[in-house]
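The values are calculated or read from the model by the stated rules, or taken from the named source; none is laboratory data. The structure presented is a predicted model; accordingly, all values stated were derived computationally and were not measured. Counting neighbours? That spans all protein chains shown, and the Cβs are built from the backbone with ideal geometry, glycine included. When the accessible area is computed, the model is the full protein with side chains, heavy atoms only, and any ligands, DNA or RNA have been set aside. Shrake-Rupley method; radii C 1.70, N 1.55, O 1.52, S 1.80 Å.
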Amino acid sequence: MLGFFLVLGLVGVWVSGFLMSAQSWLADHLWVLALSVAALACVIAVGMYLEKEQARRKPTRAQGLRYVVEHLDGLHYTRFEYAVRDLLRRDGCPDTQQAGRVATWEPT
């Protein structure tokens, strides 16, 4: 048990020495800290902008994905699959894919 606390103390001394030397280096090179803060601010600003833009486009996109039954009935089977895929994605199934002629269906 004493060995554990001895190792823990040595690690603590090493970490504190490392932090002190890093602080000293940053004090001599303030431009690195300023550049890091500016880059982080830019990343946050771009992320907020993209999130806002996506939220703005979502209602418009959802309005565009409305089909009349007669329209769906008249679609070619591949276009029908794409329409169903798009409607499923709109309604919260983002991993939906158009499968094509994978399986055949025969009415009973």
* Asked: Among Ala34, Ala27, which is the only one that is surrounded by 10 or more Cβ atoms within 10 Å (Cβ to Cβ), without any contact (Cβ under 8 Å) to a residue 12 or more places away in the chain and either farther than 30 Å from Glu81 by Cβ or among the charged types (D, E, K, R) (or both)?
  -> Ala34
* Asked: Which of the residues spanning the range 80-102 are within 29 Å of the chain's Cα centre (by Cα) and charged (D, E, K, R)?
  -> Glu81, Arg85, Asp86, Arg89, Arg90, Asp91, Asp95
* Go over the candidates Ala55, Ala45, Ala38 one by one and state the one that is out of contact with any helix residue (DSSP H, G or I) (no Cβ under 8 Å at 6 or more places or on another chain), assigned to a helix (DSSP H, G or I), closer than 30 Å to Leu88 by Cβ and not hydroxyl-bearing (Ser, Thr, Tyr). => Ala55
* Out of curiosity, is Glu70 open to solvent by less than 80 Å² (accessible area, probe 1.4 Å), charged (D, E, K, R) and in a helix (DSSP H, G or I)? -> no
* **Test for Lys58: is it of a type in the set (Lys, Arg), open to solvent by 100 Å² or more (accessible area, probe 1.4 Å) and at pLDDT 80 or above** => no
